[in-house]
Amino acid sequence: MKLYAWAILGLGLWVAGVDGGTRWALGQAPAPTIGPQQNRSNPFNPATTIPFRVSGELFLKGHRPVVSLRIFNVLAQLVAIPKLRGSGKALDSLALSCPTTMGCAYSAYWDGYVGNTGQLARSGVYIYQLVIDGKRFTRKIVVK
């Protein structure tokens, strides 16, 4: 018997199974080959790295996909906007470029601080939403 958790937080509807898989619900299209991968965090502090991949198809004919990444708490309140690793720019409607047609891997860095408050995020579950050219991908982060 599989157990499912439903989340409707204004972030999109998704279904997460106990096995860790995520499926789209209510007739939404399945996730394409682009999107987030599982984040890597340090168990001793709330900072985390969120890797994501963008396929080369999105860079055809000089197109630069626009990417946004936001971290929310379970009450759907904005907690932070991570920065693109290597550039230091906030991932808020940022147009990416890729030198190859094979696609590129990127990573975002969240230092674990809540917005501009200077306070570290508390332990718990957070949700991050990656938007690439209008397609939304939602995953969770556990901060210890």
Residues whose modelled amide H sits under 5 Å from the amide H of ALA121, counting only those 5 or more places away in sequence or on another chain, are TYR113, VAL114
Calculated FRET efficiency, ARG53 and VAL125, Cβ-Cβ r, R0 22 Å, to nearest 0.05?
0.40
Above-threshold pairs, the threshold being 23 Å between Cα atoms, out of LYS83/LYS140; LYS89/LYS144; LYS61/LYS140:
LYS89/LYS144; LYS61/LYS140
As a test of reading the structure, rank VAL125, VAL67 by solvent-accessible area (1.4 Å probe, protein chains only), most first.
VAL125, VAL67
Magnitude of the charge dipole, segment 50-144, Cβ model with Lys/Arg +1 and Asp/Glu -1, debye to 20:
140 debye
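Measure off, as a whole percent, the carbon and sulfur share of the 1.4 Å-probe accessible area of segment 63-144, all protein chains present.
Within segment 63-144, the accessible surface is 52 percent carbon and sulfur.
Give me the accessible area per residue for segment 41-136, probe 1.4 Å, as a whole number in Å².
Computed with neighbouring chains in place, this is 56 Å² per residue.
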Taking amide H positions as placed in the peptide plane 1.01 Å from N, state which residues far from ALA108 in sequence (5 or more) or on other chains have amide H under 5 Å from it.
ILE50, PHE52, ARG85
If you take all C-alpha pairs in segment 78-144, what percent of them are over 13 Å apart?
71 percent
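The values are calculated or read from the model by the stated rules, or taken from the named source; none is laboratory data. Remember, it's a predicted structure, so these values are computed and weren't measured experimentally. Positions of Cβ are backbone-derived with ideal geometry, glycine not excepted, and every protein chain shown enters the neighbour counts. Just so you know, the surface numbers come from the protein's heavy atoms only, side chains and all, with ligands and any DNA or RNA stripped out. Shrake-Rupley method; radii C 1.70, N 1.55, O 1.52, S 1.80 Å.
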